[in-house]
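S.K.: Right, I'll just put the structure down here and ask away after.
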């Protein structure tokens with residue numbers, strides 16, 4: 001069992017809704033250009049310009065920098081967690097350089113990832129052999145089984161939010177899992193620590209599905 005790909009890996013920063021996003025976009029693009037990012041060109045010459053809810057600002061090393069106006073978020077997204085993390089750190093440095101104070105400008109940080117995990121066995125069989133639920137007791141209402149697993153905060157008052165959803169990959173359900181991962185925190189240090197350990201944690205959880213069957 002191994003991580004095959006990220007589709008994609010995303011680190012976003014929810015920004016203060018009172019921020020002037022037009023001014024922020026212009027400042028970000030200017031600074032990103034100075035730092036070697038490939039800037040996107042403005043498109044559209046229509047008399048009334050319609051601003052898209054999600055605007056791609058620049059790219060570097062396969063990582064996209066986006067400003068999501070509907071979510072009021074600044075995002076780094078791409079297939080490589082390492083490159084996305086490096087871009088996120090640079091974006092935080094840029095915000096500070098531009099005079100935005102973290103405690104005032106930032107509401108929280110968030111990691112979102114869709115992780116494809118290759119397995120030699122059928123994901124549905126692994127899930128169902130890992131549970132003690134006797135679905136045959138429910139057979140009079142349908143052919144039921146465990147089709148997904150969710151792991152999240154047990155306490156609503158937790159400061160940080162964690163959410164794992166484990167299920168067969170919809171596009172290759174007989175050979176791959178899709179793990180949807182979310183971690184949210186106001187503390188940048190906690191987010192970076194979670195990023196550094198996320199692969200180990202995901203694989204530990206996946207191997208426990210097998211370990212319950214005596215495979216460690």
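S.K.: Using a Förster distance of 22 angstrom, determine the FRET efficiency expected from the C-beta separation of residue 39 and residue 61, and round it to 0.05.
M.R.: 0.90
S.K.: Determine, for 56, 91, the number of other Cβ atoms within 10 Å of each Cβ, and report the residues in order from fewest to most.
M.R.: Ordered by Cβ neighbours within 10 Å, fewest first: 56, 91.
S.K.: Taking the chain as the reference, fit the longest principal axis to its C-alpha atoms, fit the long axis of helix 81-97 to the helix C-alpha atoms, and give the angle between the two in degrees, 0 to 90, nearest 10.
M.R.: Once rounded, the angle reads 30 degrees.
S.K.: So how tilted is helix 21-34 from the main axis of the chain? Cα-based, degrees 0 to 90, rounded to 10.
M.R.: So the inclination is approximately 90 degrees.
S.K.: State the percent of C-alpha pairs, over all pairs in the stretch 100-216, separated by a distance greater than 19 angstrom. Present the calculation step by step, with values, prior to reporting the outcome.
M.R.: Numbers: 3803 of 6786 pairs.
Every Cα pair in the stretch 100-216 considered, those over 19 Å come to 56 percent.
S.K.: Ok, one more. Starting from the Cα of residue 153, step 7 Å along the direction of its Cβ; do the same at residue 172; then give the gap between the two resulting points in nm.
M.R.: About 3.4 nm separates the two model spin labels.
S.K.: Where is the GNM fluctuation largest for the chain (alpha-carbon springs, 10 angstrom cutoff): 156, 55, 90?
M.R.: Sorting by GNM fluctuation, first place goes to 156.
S.K.: Next up: Expressed as an acute angle from 0 to 90° and rounded to the nearest 10, what is the orientation of the C-alpha long axis of helix 188-210 relative to the principal long axis of the chain?
M.R.: 20
S.K.: Just from its helices, what would the mean residue ellipticity at 222 nm be for the chain, if runs of 4 or more DSSP H residues each count -39500 (n - 2.57) and the sum is divided by every residue, rounded to the nearest 500 deg cm²/dmol?
M.R.: So the calculated ellipticity at 222 nm is -9500 deg cm²/dmol.
S.K.: What does the convex hull of the alpha-carbon atoms of the chain project to on average, in nm²? Each step should come with its number before you reach the end.
M.R.: On the way: hull surface 63.6 nm².
Computed as one quarter of the Cα hull surface, the answer is 15.9 nm².
S.K.: Using a 10 Å cut-off around each Cβ, can you sort 201, 132, 184 from fewest to most neighbouring Cβ atoms?
M.R.: 132, 201, 184
S.K.: Please give the Cα centre distance for the stretch 146-206 versus the stretch 1-36, rounded to the nearest Å.
M.R.: Using only Cα atoms, the two centres lie 21 Å from each other.
The numbers here are math on the coordinates, done by the rules we state, and not lab data. For clarity, every value in this text was computed on a predicted model and none was experimentally measured. Note: ideal-geometry Cβ built from the backbone for every residue, glycine included; neighbour counts use all protein chains shown.
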